[in-house]
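Before any comments, here is the structure.
The values are calculated or read from the model by the stated rules, or taken from the named source; none is laboratory data. Since we're looking at a predicted model, the values are computed, not measured. A quick note on method: Cβ atoms are made from the backbone with ideal geometry, for glycine too, and the neighbour counts reach across all protein chains shown. Ligands, DNA and RNA are stripped out before the accessible areas are found, and what is left, the full protein with its side chains, is counted by its heavy atoms. Shrake-Rupley method; radii C 1.70, N 1.55, O 1.52, S 1.80 Å.
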Amino acid sequence: MVEKEVEKNIEALLEERREFEAPEEFAANANANEASIYDDAAADPEAFWASQAERLDWFEPWDTVLEQDPPFHKWFTGGKLNASHNCLDRHLDSNGDRVAYHWVGEPGETKDVTYKDLHEEVCRLANSLKDLGIAKGDRVAIYMPMIPELPAAMLACARIGAPHSVVFGGFSAESLRDRINDAAAKVLITADGSYRKGNVVPLKANADEALQDTPSVEKVVVVARTGEDVSMTEGRDLVYSEVVEAASPDCPAEPMDAEDMLYILYTSGTTGKPKGIVHTTGGYLTGVSSTHNLIFDIKPDTDVYWCAADIGWVTGHSYIVYGPLANGCTSVLYEGAPDHPDKDRWWSIVEQYGVTILYTAPTAIRSCMKWGTDFPAKHDLSSLRLLGSVGEPINPEAWIWYQEFIGAGKAPVVDTWWQTETGQICISPLPGITTLKPGSATKAFPGVFADVVDEAGEAVGRGGGGYLVLRKPVPAMFRTIFGDEKRYVETYFEKFGNDTYFPGDGAKLDDDGYFWLLGRVDDVMNIAGHRISTYEVESALVDHKSVAEAAVVGRVDPKEGETIVAFVTPKEDKEGDDALMEELREHVAKVIGKLARPHSIVFTEDLPKTRSGKIMRRLLRDVATGQELGDVSTLQNAPILEEIKAKAESQQGDDE
Ligand code: WT7
């Protein structure tokens with residue numbers, strides 16, 4: 001099934017033969033410009049990672065770089081450090097007045113936050129958290145907009161050794177509740193609301209709904225962002241500014257073991273229960289600061305770096321907060337949507353701050369393509385010298401468009417493959433060394449051992465396709481699933497054994513050994529660069545009173561990306577009409593979050609099932625993508641498929 005789609009995909013991709021060598025001037029000044037870095041790291045990966053760890057400030061040096069008991073691994077054991085100290089304190093003497101974040105609010109306010117400012121805020125908040133009873137090891141949930149208080153909250157937790165669990169502000173009350181409960185968080189830091197496309201998202205109201213059923217939460221700290229009236233529960237809810245002002249600005253950073261937990265971040269798996277991905281301190285900080293430095297070629301004195309993701313996802317954790325701050329560079333932090341108030345918002349920010357490096361996702365690039373080149377053309381984008389992409393395969397057309405219209409036809413585009421689990425970029429060009437091929441994430445980062453294997457785990461070699469694997473752990477890789485070690489072993493190591501990490505992606509190696517990522521091979525969809533499992537959306541749908549049964553698949557289009565298609569059987573007395581369709585879309589938004597809303601819903605009397613009653617998603621995927629139907633011989637109700645197909649086709653016609 002997936003393999004077939006994948007074949008077609010790659011054929012189209014490999015026809016794309018354009019190659020781009022690293023521009024000479026760029027290569028001459030690049031942080032990484034000696035190809036020997038690859039061989040050296042391959043010959044002695046531990047020495048390479050140790051050299052990267054030495055870029056950090058350690059309170060106590062490590063004894064051992066890597067301790068392995070596959071599938072478990074520990075990095076820099078015996079070493080002590082603190083992430084908040086590495087991101088803030090160590091820059092203060094030399095660069096305390098440097099801007100850490102040029103913050104831009106969606107409605108238009110701006111604020112420059114220096115390293116000194118951020119340090120003070122973090123220390124005060126860390127002290128307040130202690131006052132609220134947070135001790136080392138206690139979990140703190142964070143549900144906030146993209147405002148400077150968000151990285152401050154994360155670093156305040158890191159400062160006192162309290163793992164944070166950031167929940168994306170676009171998630172629903174129910175999603176927030178489940179994540180708080182899984183981590184048994186003691187404190188929640190949130191805001192009254194956030195701005196999105198000119199509207200207010202009622203974060204506090206969502207939080208209040210979640211908090212009805214979260215016995216572990218003792219205190220809630222609320223930032224006033226929108227200034228709207230929100231209900232405050234006496235004895236539980238506190239105003240952020242009051243708490244912070246009352247606290248002392250003096251808070252030494254707690255020396256943490258390299259393997260102490262830094263944070264939990266939830267991501268979708270193939271079941272309804274999200275996985276709490278556990279990241280620790282020393283390896284994580286080493287991995288993100290090293291990749292950020294070498295892949296984005298960071299020159300902290302001159303660069304203005306902008307990762308236009310949301311901190312609620314791992315991209316933001318690693319490449320808005322920990323990587324850039326550990327490297328002491330200046331970033332842009334933008335709160336809102338790219339098309340508010342108009343479709344040139346990003347480009348006006350690039351011009352205003354002279355952004356030199358931009359890191360975003362193919363889905364955003366494709367939106368910009370649709371909006372047209374007039375919007376970027378209105379602004380001076382000549383400061384941009386490097387562009388990055390992450391989250392899903394980037395189609396060559398989008399890659400070329402990005403380089404041409406945003407990067408003035410010359411900025412290298414680094415397509416970076418990684419995951420919530422890996423914590424750090426694993427496959428990516430080094431822009432001063434690697435010859436680029438649009439659509440390919442190119443090569444494993446130095447010290448990363450990526451490969452493509454067949455079903456039996458054998459390397460397929462150049463020219464072959466199969467499953468992407470990592471043959472050795474990388475320092476920033478997660479250590480386990482919070483509270484569920486069994487699931488950690490089963491999900492990632494059952495397929496190929498304890499020495500081989502299986503990320504869940506298909507990939508192909510071309511004749512030059514370049515990696516071409518082909519999307520997920522499990523029941524996890526990639527919607528605008530975010531993981532949503534088909535099971536989660538199905539559960540949300542059948543939870544609605546009018547739904548008898550539902551099956552969900554991703555429709556993959558190389559130009560459009562992946563969209564959610566739901567096949568729904570209404571209960572007997574219910575009509576599958578437009579009103580129900582809208583109701584169901586809203587229902588899914590309420591249960592999971594807006595990003596999980598099905599793009600299209602096909603109502604059907606029955607779903608294609610095997611004789612044992614199992615829904616055949618493979619066939620529905622064929623229907624959704626308009627492909628010829630695969631083998632239907634095992635179906636108990638084959639005729640229904642033709643009906644569904646006809647309906648889906650007529651609806652697709654309506655879409656256009
Ligand atoms: C999944 C991880 C890592 C930050 C954002 C997503 C897909 C990610 C690429 C890329 C092709 C990519 C994979 C991966 N993915 N980057 N450059 N090319 N696919 O993090 O939510 O953990 O999702 O995103 O399928 O497994 P995530």
Mind giving me the FRET efficiency for Ala579 and Gln627? R0 is 30 Å, r the Cβ-Cβ distance, nearest 0.05 is fine. 0.45
Which are the unpartnered cysteines of the chain, meaning those with no other cysteine Cβ under 4.7 Å from their Cβ? Cys87, Cys157, Cys307, Cys329, Cys368, Cys426
What does the charge add up to near Thr315, with Lys and Arg as +1, Asp and Glu as -1, over the other residues with Cβ less than 14 Å from its Cβ? -3
Straight-line reach check, Lys508, cutoff 25 Å on alpha carbons, 8 or more apart in-chain or any other chain, hits among lysines -> Lys4, Lys8, Lys437, Lys443, Lys472, Lys495, Lys559
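What is the antiparallel percent of DSSP beta bridges lying wholly in the range 528-649, to the nearest 5?
Antiparallel bridges make up about 75 percent of those DSSP assigns within the range 528-649.
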With Gly283 itself left out, Lys, Arg at +1 and Asp, Glu at -1 over residues whose Cβ is under 9 Å from its Cβ give +1
Given axes a ≥ b ≥ c from the Cα gyration tensor, I'd like to know whether the range 528-649 is rounded (a/c under 1.5), prolate (a/b larger than b/c) or oblate. oblate
Label-to-label distance, nm, for residues given as Glu228 and Ala456 (7 Å Cα→Cβ offset): 6.0 nm
Förster-model FRET efficiency, 25 Å R0, Lys495 and Asp69, C-beta, rounded to 0.05: 0.85
DSSP bridge orientation in the chain - percent antiparallel, rounded to nearest 5: 60 percent
Do any GluC sites (Glu not before Pro) in the range 16-97 lie in a loop, going by DSSP, with at most 15 other beta-carbon atoms within 10 Å of their beta carbon, and if so which? Glu19, Glu21, Glu34, Glu54
Accessible area per residue, Å², the chain with all protein chains present, probe 1.4 Å: 38 Å²
I'd like the chymotrypsin sites (Phe, Trp or Tyr not before Pro) in the range 57-162 restricted to DSSP loop residues with at most 14 other Cβ atoms within 10 Å, sorted by number. Phe59
Chain lengthening between Ala205 and Lys545 when straightened (0.36 nm per residue, less Cα-Cα): 120.0 nm
Express in nm, to one decimal, how much length is gained between Lys559 and Asp213 on full extension, taking 0.36 nm for each residue of separation and deducting their alpha carbon distance. 120.4 nm
Please work out whether the range 152-216 counts as rounded, prolate or oblate from its C-alpha gyration tensor, where a ≥ b ≥ c are the square roots of the eigenvalues and a/c under 1.5 means rounded, while otherwise a/b larger than b/c means prolate and anything else oblate? oblate
Formal net charge of residues neighbouring Arg520 (Cβ-Cβ distance under 10 Å; K, R +1; D, E -1): -4
The range 189-235, accessible surface, carbon-and-sulfur percent (1.4 angstrom probe): 43 percent
Too long at a 25 Å Cα-Cα cut-off: which of Lys343/Lys594; Lys74/Lys275; Lys343/Lys645? Lys343/Lys645
Could you tell me the calculated FRET efficiency between Ala646 and Ala43, based on Cβ-Cβ distance and R0 = 35 angstrom, to the nearest 0.05? 0.05
From the phi of every residue in the range 474-487, what ³J(HN,Hα) in whole Hz does the Karplus formula 6.51 cos²θ - 1.76 cosθ + 1.60 yield, where θ is phi - 60° and glycine or proline is x? 10, x, 7, 5, 4, 9, 5, 9, 4, x, 8, 4, 4, 5
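I need the shape label for the range 106-254. Rule: rounded when a/c is under 1.5, else prolate if a/b > b/c, else oblate, with a, b, c from the alpha carbon gyration tensor.
On the way: a/c = 1.64, a/b = 1.09, b/c = 1.50.
Oblate.
Within the range 230-261, list the GluC sites (Glu not before Pro) lying in a DSSP loop whose Cβ has at most 13 other Cβ atoms in a 10 Å radius.
Those that pass, being in a loop and sparsely packed, are Glu234.
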